[in-house]
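Worksheet: one structure, shown below.
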Amino acid sequence: MLSIKSECLRKVIPLGQAHLRTLVREYVEHYHEERNHQGLGNVIPLPIARPTSAHGTVRRRERLGGLLSYYFRDAA
């Protein structure tokens, strides 16, 4: 609960119920699919299947207009 408040809702003013639902949905997807969790040994709980490689271009995926970012490496 504290994460969504401090990382998202304190930085954005929702412009109605639909906008608030979008903010929460995007944050929850980021939280479970893209964000490392220290309590789980820095592992992502439900990772998006992406090939991992030490080579290739590092890319950034933005959510909520850049408020949340996810970095990943393209397959070489």
Of the peptides 17-28, 2-13, how do they stack up when ordered by the mean number of other Cβ atoms within 10 Å, highest first?
17-28, 2-13
Extension gain, residue 58 back to residue 22 (0.36 nm per residue minus Cα-Cα distance, nm)
10.3 nm
Taking 0.36 nm per intervening residue step and subtracting the Cα-Cα distance, what contour gain separates residue 73 from residue 15 on full extension?
17.4 nm
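Only the coordinates and a few stated rules stand behind these numbers; no lab work does. Predicted model, so just to flag it, every value in this text is computed and none were measured. Glycine gets a Cβ as well: all are built from the backbone with ideal geometry, and neighbour counts include every protein chain shown.
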